[in-house]
1. Would you pull out the residues with amide H under 5 Å of ALA21's amide H, same chain only if 5 or more places away, H placed 1.01 Å from N?
2. Could you tell me which of the pairs LYS35/LYS57; LYS35/LYS77; LYS7/LYS57; LYS57/LYS91 are separated by over 19 angstrom between their Cα atoms in the structure shown?
3. Identify which of ASP32, ASP44, ASP65 has the largest mean-square fluctuation in a Gaussian network model of the chain, with springs joining Cα atoms closer than 10 Å.
4. What number does the chain give for Rg over Rh if you use C-alpha atoms and the Kirkwood radius?
5. Using just the helices of the chain, give the 222 nm mean residue ellipticity in deg cm²/dmol: DSSP H runs with n ≥ 4 each add -39,500 (n - 2.57), and the total is spread over all residues, rounded to 500.
6. For segment 13-24, what does the Karplus curve 6.51 cos²θ - 1.76 cosθ + 1.60, with θ = phi - 60°, yield as ³J(HN,Hα) per residue in whole Hz, taken in order and with x for Gly and Pro?
7. Zone of MET1 (label point 7 Å along Cα→Cβ, backbone N under 17 Å): which residues in segment 80-94?
8. Once both labels are modelled 7 Å past Cα along the beta-carbon direction, what's the ILE92-LEU26 spacing in nm?
Amino acid sequence: MLNITEKDGRITFEVRVVPRAARTELAGEMGDAVKVRVSSPPVDGTANAELIKFLAKMLGVAKGDIEIVSGQASKTKRVQVTGVTGEQLRKIIS
């Protein structure tokens with residue numbers, strides 16, 4: 001079950017990133033995280049940048065509204081998004 005924390009108009013949730021995929025796409029849930037495949041390799045922050053760009057497009061927010069708050073160098077990241085509710089996120093990924 002996806003673990004989403006809502007506070008002050010922001011949501012925080014975990015994302016499990018799979019780098020070097022054939023294409024960037026949502027791959028459902030993996031445990032308590034959202035699984036996202038990204039085509040970029042995990043080099044010099046390119047996979048993180050692609051993840052932010054993909055999430056912004058998927059959630060309909062600006063890239064500046066998304067922040068990786070922990071796990072920058074890990075496959076499991078904690079992401080914070082402003083302007084989206086947990087209910088909206090659940091509808092998008094289901």
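Laboratory data are not the source of any read-out in this text; all were calculated from the coordinates shown. Model, not experiment: these values are computed from the prediction. Methodologically, a virtual Cβ is constructed for each residue, glycine included, from the backbone with ideal geometry; neighbour enumeration extends over all protein chains shown.
1. Placed amide hydrogens put VAL38, SER39, SER40 under 5 Å from ALA21.
2. On the way: LYS35/LYS57 16 Å; LYS35/LYS77 10 Å; LYS7/LYS57 22 Å; LYS57/LYS91 15 Å.
Listed pairs above 19 Å: LYS7/LYS57.
3. Highest fluctuation of the listed residues: ASP44.
4. Numbers: Rg = 12.0 Å, Rh = 13.0 Å.
Using only Cα positions, Rg/Rh for the chain is 0.92.
5. Numbers: 2 runs with 22 residues, N = 94.
One gets -7000 deg cm²/dmol as the mean residue ellipticity at 222 nm.
6. Each residue's phi maps through the Karplus curve to give 8, 9, 10, 9, 9, 10, x, 6, 7, 4, 8, 7 Hz.
7. Taking a point 7 Å out along Cα→Cβ of MET1, the residues of segment 80-94 whose backbone N falls under 17 Å are 86-91, 94.
8. 0.7
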